[in-house]
Amino acid sequence: MPKILILGGTTEARKLAARLAERKGLDITLSLAGRTESPVAQGVPVRSGGFGGAEGLARYLTDEEIDLVIDATHPYAARISANAAEASRLSGVAALALRRPAWEAVEGDRWTMVEHAGEAVAALGSARRKVFLALGRQEIAGFEAAPQHGYLIRSVDPVEPPLAVPDATYILARGPFSEEDDRALLVAHGIDAIVAKNSGGQATYGKIAAARELGIDVLLFRRPVLPELPSGTSVAEVLALVDHALAPAEKRGV
Ligand code: NAP
């Protein structure tokens with residue numbers, strides 16, 4: 001029975017796993033980094049935690065006799081994506097990727113692209129602003145360098161320790177977030193700037209659309225460069241690639 005390892009942590013990874021699990025005769029395991037305290041149910045067997053770099057992942061692929069590894073991680077999870085490509089090379093196990101397309105600016109968007117929190121802090125300027133940080137726990141610490149701003153911070157798990165700034169409000173929530181709800185949130189908190197990742201997809205686009213409508217500045221972290229792998233941009237596209245990757249060699253024209 002072909003064994004597939006899906007590197008996940010995204011909605012697409014969960015959907016892909018569910019679609020593959022519907023097919024008889026495939027052994028699916030989904031891998032999570034283990035960062036979220038109570039991850040949503042994934043519906044397939046899950047393993048959790050790092051592998052120990054590319055070599056560790058290569059060893060896992062070999063030991064577990066995996067036939068195909070699919071990188072369906074978040075677009076900003078660049079290390080595990082690099083590790084997946086390198087582990088595939090080291091182990092000879094085939095690899096595919098699901099690469100979610102980035103959002104593109106449209107008329108009315110007030111976007112500034114930044115490399116990291118330091119650049120975002122510089123772009124916000126010295127005058128006090130009300131800033132919505134739609135970022136992971138790891139990325140928000142850099143905003144302690146700008147304690148003059150008021151911050152609204154939305155995260156899945158509590159930010160521990162809290163940001164060392166005098167004005168920070170925390171919201172615990174898990175997407176998807178609708179445009180309507182995000183518009184109401186931005187207005188209620190008097191937000192005039194958003195700092196976010198260009199995650200792509202619909203689940204977190206609400207704030208981007210609402211910001212456009214409200215004329216709010218959006219500072220977007222540039223996407224990291226990910227390794228080249230045979231990839232699709234949707235669950236459906238990757239499912240088609242899986243068929244090809246698992247087809248007998250003669251059918252693939254090898
Ligand atoms: P990362 O920097 O690419 O990964 C760091 C290490 O975590 C990897 O080297 C690996 O450890 C382990 N790891 C990551 N994903 C794994 C998986 N699916 N299964 C097993 N181990 C995994 O990724 P990250 O630290 O998770 O996150 C980096 C960025 O992505 C952040 O900006 C974060 O906010 C964002 N992100 C967002 C979401 C989301 O919104 N759904 C989900 C994940 C990440 P070893 O080297 O030991 O194998």
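Read-outs: derived from the displayed coordinates by stated rules, not from any lab. Predicted model only: the values in this text are computed from it and were never measured. Here the Cβ positions follow ideal geometry from the backbone for every residue, glycine too, while neighbour counts run over all protein chains shown.
Net charge within 10 Å of A85 by Cβ-Cβ distance, Lys/Arg positive one each and Asp/Glu negative one each, not counting A85 itself? Here the charged neighbours net out to -2. Here the 3J(HN,Hα) profile of segment 167-173, calculated from phi with Karplus coefficients 6.51, -1.76 and 1.60 at θ = phi - 60°, is 10, 9, 10, 10, 10, 9, 7 Hz, Gly and Pro shown as x. Modelled label positions at A164 and R110, each set 7 Å beyond Cα in the direction of Cβ, lie 3.2 nm from each other.
Exposed loop sites here mean GluC sites (Glu not before Pro) with a DSSP loop assignment and at most 11 other beta-carbon atoms within 10 Å; the chain contains its longest site-free run at 116-227. For segment 121-208, the list of trypsin sites (Lys or Arg not before Pro) that fall in a loop by DSSP and count at most 16 other C-beta atoms within 10 angstrom reads R128, R174. Taken as Cα centroids, segment 207-239 and segment 89-133 sit 8 Å apart, rounded to the nearest whole angstrom.
The phi torsions of segment 34-46, fed into the Karplus equation with coefficients 6.51, -1.76 and 1.60 and a -60° offset, translate into couplings of x, 7, 7, 5, 10, x, 5, 4, 9, x, 9, x, 10 Hz, rounded to whole numbers, with Gly and Pro shown as x. Sorted fewest first by neighbouring Cβ atoms within 10 angstrom, D182, D243 come out as D243, D182. Net charge in the neighbourhood of E65 (other residues with Cβ under 13 Å of its Cβ; Lys, Arg +1, Asp, Glu -1) is -2.
Pairs of Lys residues in the chain are counted when their Cα atoms are under 21 angstrom apart and they lie 8 or more places apart or on different chains; the count is 8. Using the beta-carbon distance between E237 and A78 and R0 = 22 Å, what value does 1/(1 + (r/R0)^6) give for FRET efficiency, to the nearest 0.05? Taking R0 as 22 Å, the efficiency between E237 and A78 is 0.55. Going from the residue with the fewest nearby Cβ atoms within 10 Å to the one with the most, H74, H149, H116, H189 rank H116, H189, H74, H149.
Per the Debye formula on identical point scatterers at the alpha carbon atoms of segment 111-221, with no solvent, log10 I(q)/I(0) at q = 0.13, 0.16 Å⁻¹ is -0.42, -0.65.
Shown for Y76, Y170, Y151: other C-beta atoms within 10 Å of each C-beta, ranked fewest to most, produce the order Y170, Y76, Y151. Label positions at L246 and V187, each projected 7 Å from the Cα along the C-beta direction, are separated by 4.8 nm.
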